[in-house]
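**Student:** Could you have a look at this structure, given as structure tokens, before my questions?
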Amino acid sequence: MSDERYQQRQQRVKERVDARVAAAQDERGIIIVFTGNGKGKTTAAFGTATRAVGHNKKVGVIQFIKGTWPNGERNLLEPLGVEFQVMATGFTWDTQNRESDTAACLAVWQHAERMLADPQLDLVLLDELTYMVAYDYLPLETVLTALTHRPATQTVIITGRGCHRDILEIADTVSELRPVKHAFEAGVKAQIGIDY
């Protein structure tokens, strides 16, 4: 392709992109969902949270299904003013106690409701929320109400496999991560700083 043809093609692309950018004028918080069976949902969410903090945005984090093991994201972001509330019971398949898991979920959800009502928070990350709905630890309607009644400028990120279709319906952006290959399947142990 000649330089001239390439330049003409790129100019047409630029014009289309510029038109789409000019048409997108709505300013409001959005709901982002990272779901699917692939690795990287929480990593993507924390990448966005870190970006927000880098732009002096106020961020709150709720983590479901996380244990008490070291948390690199928390180590980095908490000293920068990001509030973390962690269920801290570990994986539900380890605890195997529905009553205590439900109680732990509802206790941390109270912090989520507070954050979702706080107009000072620009971004709230609900890490692994999808499991709480799927396991019936947290009523779907409670989640939907909190999401739809949050401050208009607040963005929410939800992570986890098998996101409920009603949450997907109200989300503005949904990304599904698909597994292609994972080191764990080849017997590689999860590594601090890489996997958690």
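The values are calculated or read from the model by the stated rules, or taken from the named source; none is laboratory data. What you see is a predicted model; the values in this text were computed from it and never measured. Cβ placement follows ideal geometry from the backbone for every residue including glycine, while neighbour counts extend to all protein chains displayed. SASA here: full protein model, heavy atoms, side chains in, ligands and nucleic acids out. Shrake-Rupley method; radii C 1.70, N 1.55, O 1.52, S 1.80 Å.
**Student:** Order these peptides, 132-145, 183-196, by their mean beta-carbon neighbour count within 10 angstrom, highest first.
**Tutor:** 132-145, 183-196
**Student:** Mind giving me the FRET efficiency for residue 18 and residue 98? R0 is 35 Å, r the Cβ-Cβ distance, nearest 0.05 is fine.
**Tutor:** Given R0 = 35 Å and the Cβ-Cβ separation, E is 0.05.
**Student:** Hey, any idea what % of segment 28-186's accessible area is carbon plus sulfur with a 1.4 Å probe?
**Tutor:** The nonpolar share, carbon plus sulfur, comes to 51 percent.
**Student:** Oh, and also: Excluding ligands, DNA and RNA, what is the solvent-accessible area per residue of segment 99-171 at a probe of 1.4 Å, expressed in Å²?
**Tutor:** 44 Å²
**Student:** Still on this structure, I have one more. Is any helix in the chain, taking whole DSSP H runs, at least 18 angstrom long along its axis by alpha carbon and on average at least -1.0 on the Kyte-Doolittle scale, and which ones?
**Tutor:** TM-like helix candidates: 41-54, 98-116.
**Student:** With n ≥ 4 as the cut-off for DSSP H runs, can you work out [θ] at 222 nm for the chain, using -39500 (n - 2.57) per run divided by the number of residues, rounded to the nearest 500?
**Tutor:** When only DSSP H runs of four or more count, the value is -13000 deg cm²/dmol.
**Student:** Hey, with R₀ at 25 Å, roughly what FRET efficiency would residue 176 and residue 28 work out to, going by the Cβ-Cβ distance, to 0.05?
**Tutor:** FRET efficiency, residue 176 to residue 28: 0.60.
**Student:** For residue 39, go through the lysines and keep the ones whose alpha-carbon is under 28 Å away, minus same-chain ones fewer than eight residues off.
**Tutor:** The qualifying lysines are 57, 58, 66, 181, 189.
**Student:** Shifting gears a bit: Can you compute the label reach from residue 190? Point 7 Å from Cα along the Cβ direction, backbone N cut-off under 17 Å, restricted to segment 121-136.
**Tutor:** Residues 127-132 qualify, since their backbone N sits under 17 Å from the label point.
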